[in-house]
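Trainee: Have a look at this one before I ask anything.
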């Protein structure tokens, strides 16, 4: 089995094991071990494949010996040398440099954490707590898939046919919900601590008293919020050999950091300073993903209210991204309808001849004409229902903005298709055909309502 097939097999196994975790909770730790070991192996082998594609000798940790041996073999000196390949971290470093990967420090740290956890499982022991491993894997998988898709030939085709994209989409849903809920919890803690510290700065006497009452047997460290050397660390959350987040409580601002808080910061930010500077910006995409894909799954009404209120108070940060993302969904929806509509044209030779020769290879259509097809096709109907649900959600936030959104998505959507007809001499005449689909949200919405009334009457 070559490196590529070996790596893809391990990647598929890690995703399969991950999807089985909830269904076998009695042996969850064993499944998590399988997930980590398989994912680690897949990264190492696929990264080594990518390195080999650039230069095979960069795979060898004893390359000097390999070179020396090959030179001797040229002179008929038959010597064998044991080939030793580089370790996981070396493979990560070489791929990042060789392929000039645009990788975030946080994602790099997650690869380090994956290696640390795997090594602990293999050589010592590791306790799984607070869904740490599940969250780490859910964050890493999309990052890795993007690297493979962009740099390994035909990987995208394999991923689609194996169903791995859909599996990973399901995996990342839970991490989005957890991250956003944890964001609101930590934001409240942080806000309370800021308020407490601001009051203390106005009362220097109380602040002095806190310093005087420090316990002599405790080695305090600097608090990540107030920067006073009054943070009592009672635990650590290790990111890599150089970085650690401390768990504990500050006796000055009363900031209390537990393991879930540290995990949340590690998965979404490059430390507490990054959280201070970019707290909402970094979590923005997760909030948008929930609005688009998971708002109906939220059982917590308070979180729903907070999501809507967050967007309402930060319209400039969210609205453009929401509008553009919705536009992509409508574009895909129209392309799907255009593809199926085009197939109807393509079966008639005289129709294709007329389009290609006499209509300048253009087809125009209106999505309203497809109301019956949309209503009777569960897949198409669910896509439009999702579009309508998103727009209804935005109405709770800003009714005027809904008008702007609808104005934005009401447009002409263009797709391109290969058309062909047989001429009188029996030759194939091929031409790229431009298919223009006109989309009007209100018209199709009303059309679906009327069609529903007809169907139920």
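The values are calculated or read from the model by the stated rules, or taken from the named source; none is laboratory data. Since the structure is predicted, the reported quantities are computational estimates derived from the model, not experimental observations. Glycine also receives a Cβ, built like all others from the backbone with ideal geometry; neighbour counts cover every protein chain displayed.
Trainee: Would you call residue 217 at pLDDT below 90, under 29 Å from the mean Cα position of the chain (by Cα) and on the phi < 0 side of the Ramachandran plot?
Mentor: Values: at pLDDT below 90: yes; under 29 Å from the mean Cα position of the chain (by Cα): no; on the phi < 0 side of the Ramachandran plot: yes.
No, not satisfied.
Trainee: Kindly evaluate residue 251 against the criterion of being over 21 Å from residue 140 (Cβ atoms), surrounded by 17 or more Cβ atoms within 10 Å (Cβ to Cβ) and outside the structural domain of residue 131 (by TED's automatic domain parsing). Talk me through it step by step, then tell me what you get.
Mentor: Numbers: over 21 Å from residue 140 (Cβ atoms): yes; surrounded by 17 or more Cβ atoms within 10 Å (Cβ to Cβ): yes; outside the structural domain of residue 131 (by TED's automatic domain parsing): yes.
Taking the combined requirement at face value, the residue satisfies it.
Trainee: Let me ask another. Any residue at all in segment 76-88 that is under 24 Å from the mean Cα position of the chain (by Cα), within 30 Å of residue 150 (Cα to Cα) and assigned to a helix (DSSP H, G or I)?
Mentor: Yes, the conditions are met somewhere in segment 76-88.
Trainee: When you go through (1) surrounded by fewer than 17 Cβ atoms within 10 Å (Cβ to Cβ); (2) modelled with pLDDT of 90 or more; (3) more than 28 Å from residue 269 (Cβ to Cβ); (4) in contact with a helix residue (DSSP H, G or I) (Cβ under 8 Å, 6 or more places away or on another chain) one by one for residue 53, which number turns out not to apply?
Mentor: Of everything listed in (1) surrounded by fewer than 17 Cβ atoms within 10 Å (Cβ to Cβ); (2) modelled with pLDDT of 90 or more; (3) more than 28 Å from residue 269 (Cβ to Cβ); (4) in contact with a helix residue (DSSP H, G or I) (Cβ under 8 Å, 6 or more places away or on another chain), residue 53 misses just condition (4).
Trainee: The conditions are (1) surrounded by 12 or more Cβ atoms within 10 Å (Cβ to Cβ); (2) over 22 Å from residue 273 (Cα atoms), and residue 189 fails exactly one of them. Which is it?
Mentor: Of everything listed in (1) surrounded by 12 or more Cβ atoms within 10 Å (Cβ to Cβ); (2) over 22 Å from residue 273 (Cα atoms), residue 189 misses just condition (2).
Trainee: Would you mention how many residues in segment 122-156 are more than 21 Å from the chain's Cα centre (by Cα), in a helix (DSSP H, G or I) and either within 14 Å of residue 40 (Cα to Cα) or modelled with pLDDT of 80 or more (or both)?
Mentor: The number of residues fulfilling the criteria is 1.
Trainee: While we're looking at this one, here's another question. Regarding residue 278, is this residue under 20 Å from the mean Cα position of the chain (by Cα), surrounded by fewer than 21 Cβ atoms within 10 Å (Cβ to Cβ) and assigned to a loop (DSSP other than H, G, I, E, B)?
Mentor: So residue 278 fails the test.
Trainee: Can you spot a residue in segment 347-358 that is out of contact with any helix residue (DSSP H, G or I) (no Cβ under 9 Å at 6 or more places or on another chain) and modelled with pLDDT of 85 or more?
Mentor: Checked against the condition, which is being out of contact with any helix residue (DSSP H, G or I) (no Cβ under 9 Å at 6 or more places or on another chain) and modelled with pLDDT of 85 or more, segment 347-358 yields no hits at all.
Trainee: Oh, and also: Filter segment 407-420 for residues that are in contact (Cβ under 8 Å) with a residue 24 or more places away in the chain and more than 17 Å from residue 341 (Cα to Cα) and give the result.
Mentor: 408, 409, 410, 411
Trainee: Condition (residue is within 21 Å of residue 7 (Cβ to Cβ) and modelled with pLDDT under 95) applied to segment 71-84: is it met by at least one residue?
Mentor: Yes: segment 71-84 contains one or more residues that are within 21 Å of residue 7 (Cβ to Cβ) and modelled with pLDDT under 95.
Trainee: Let me ask you something else. Among the listed residues 316, 353, 251, identify the single one that is more than 30 Å from residue 89 (Cβ to Cβ) and without any contact (Cβ under 8 Å) to a residue 12 or more places away in the chain.
Mentor: 316
Trainee: Test residue 37 against the criterion of being within 29 Å of residue 245 (Cβ to Cβ) and either outside the structural domain of residue 158 (by TED's automatic domain parsing) or assigned to a loop (DSSP other than H, G, I, E, B) (or both), and give yes or no.
Mentor: In short, no.
Residue-wise test of (1) without any contact (Cβ under 8 Å) to a residue 40 or more places away in the chain; (2) over 28 Å from residue 3 (Cβ atoms); (3) assigned to a helix (DSSP H, G or I).
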residue: 166; (1), (2), (3): yes, no, yes
residue: 174; (1), (2), (3): no, yes, yes
residue: 177; (1), (2), (3): no, yes, yes
residue: 188; (1), (2), (3): yes, yes, yes
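Trainee: Here's another thing I want to ask about it. Kindly check whether there is at least one residue in segment 179-196 that is over 23 Å from residue 281 (Cβ atoms) and not assigned by TED's automatic domain parsing to the domain that holds residue 230.
Mentor: no
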